[in-house]
Ligand SMILES: [Fe+2]
């Protein structure tokens, strides 16, 4: 069983990866205690919909969503256990937590075994990832086009996230992830409506990008 979010609630941090790949600490305002305990998934989804209607700017959305994600995961602890132990092949698993045809958000638990590395990608949507268990190294990339290679990218940094950390991504932020240690990296992932025409997987050797 991976170390869980609630086991390490003090030393948690919020981060934002902006469109140029810079990962910066994110100041999140304190919110009042939830009037109802537990803070259930359906209340979170209602609050989320209210934020999305009232706030068009992605960064401002993320700042408001982070504390609700932390509240949800600590108050509705069962969510932290809603992941599938990843099989050796392909080394990762995804469990959808919510799906509604007219509310096209992605809400899922993802688990990765150490020894696997994700493709280099952006999301084509804003995203919030909370690390539940394990450790996850993120590498951050930036577009660095040349006339010959318009999809060239370059590595600009990396960071290791721990349980309780929440990372937000703007739609063009480019990263890849790699679980570290001997436990699966388990994450709660929330993404806005994906623009698939702007979501890419990058090849830093051949300087290519392809939709995925
Ligand atoms: Fe990602």
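The values are calculated or read from the model by the stated rules, or taken from the named source; none is laboratory data. These numbers were taken from a predicted model, which means no experiment stands behind them. Every residue, glycine among them, receives a Cβ derived from its backbone with ideal geometry; neighbour counts consider all protein chains shown.
So in the range 191-204, with the set limited to residues that are away from the ligand (no atom under 12 Å from the Cβ) and under 25 Å from residue 165 (Cα atoms), which one is modelled with the lowest pLDDT?
193
Run down 33, 57, 20 and say which single residue is in contact with a strand residue (DSSP E or B) (Cβ under 6 Å, 6 or more places away or on another chain) and surrounded by fewer than 18 Cβ atoms within 10 Å (Cβ to Cβ).
20
Table: residues versus (1) part of a helix (DSSP H, G or I); (2) under 20 Å from the mean Cα position of the chain (by Cα).
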position: 29; (1), (2): no, yes
position: 32; (1), (2): no, no
position: 47; (1), (2): yes, yes
position: 60; (1), (2): yes, yes
position: 65; (1), (2): yes, yes
position: 79; (1), (2): yes, yes
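Scan the range 175-192 residue by residue and report those that are outside any strand (DSSP E or B) and either at negative phi or crowded, with 23+ Cβ neighbours inside 10 Å (or both).
If the condition is that a residue be outside any strand (DSSP E or B) and either at negative phi or crowded, with 23+ Cβ neighbours inside 10 Å (or both), then 182, 183, 184, 192 are the ones that fit.
Just to be sure before I move on: is residue 171 in a loop (DSSP other than H, G, I, E, B) and within 12 Å of the ligand (Cβ to nearest atom) in the structure I sent?
Here the answer is yes, as residue 171 does meet what is asked.
Pick from the range 95-130 the residues that are modelled with pLDDT of 95 or more, in contact with a helix residue (DSSP H, G or I) (Cβ under 8 Å, 6 or more places away or on another chain) and not in a strand (DSSP E or B): which of them is nearest to residue 63 (Cα to Cα)?
Among those that are modelled with pLDDT of 95 or more, in contact with a helix residue (DSSP H, G or I) (Cβ under 8 Å, 6 or more places away or on another chain) and not in a strand (DSSP E or B), it is 126.
Within the set of pairs 6 or more residues apart or between chains, which connect a residue that is closer than 11 Å to residue 134 by Cβ and free of Cβ contacts under 8 Å to residues at least 24 places away in the same chain inside the range 171-198 to a residue that is within 13 Å of the ligand (Cβ to nearest atom) and in a strand (DSSP E or B) with Cβ atoms less than 8 Å apart?
none
Just to be sure before I move on: is residue 77 surrounded by 20 or more Cβ atoms within 10 Å (Cβ to Cβ), closer than 30 Å to residue 37 by Cβ, away from the ligand (no atom under 16 Å from the Cβ) and in contact (Cβ under 8 Å) with a residue 40 or more places away in the chain in the structure I sent?
Answer is no for this residue.
For the range 80-96, how many residues are surrounded by 14 or more Cβ atoms within 10 Å (Cβ to Cβ) and touching a residue at least 60 places away in the same chain (Cβ under 8 Å)?
Qualifying residue count, the range 80-96: 3.
Can you name every residue in the range 97-109 that is in contact (Cβ under 8 Å) with a residue 40 or more places away in the chain and away from the ligand (no atom under 16 Å from the Cβ)?
97, 98, 103, 104, listed by residue number.
Restricting to the range 131-160, give me the number of residues that are under 28 Å from residue 207 (Cβ atoms) and either within 12 Å of the ligand (Cβ to nearest atom) or assigned to a strand (DSSP E or B) (or both).
16
Taking interchain pairs and intrachain pairs at least six residues apart, which have beta carbon atoms under 6 angstrom, with the first residue in the range 110-126 and at positive phi and the second part of a loop (DSSP other than H, G, I, E, B) and within 11 Å of the ligand (Cβ to nearest atom)?
Short answer, once both residue conditions are applied: 124/199.
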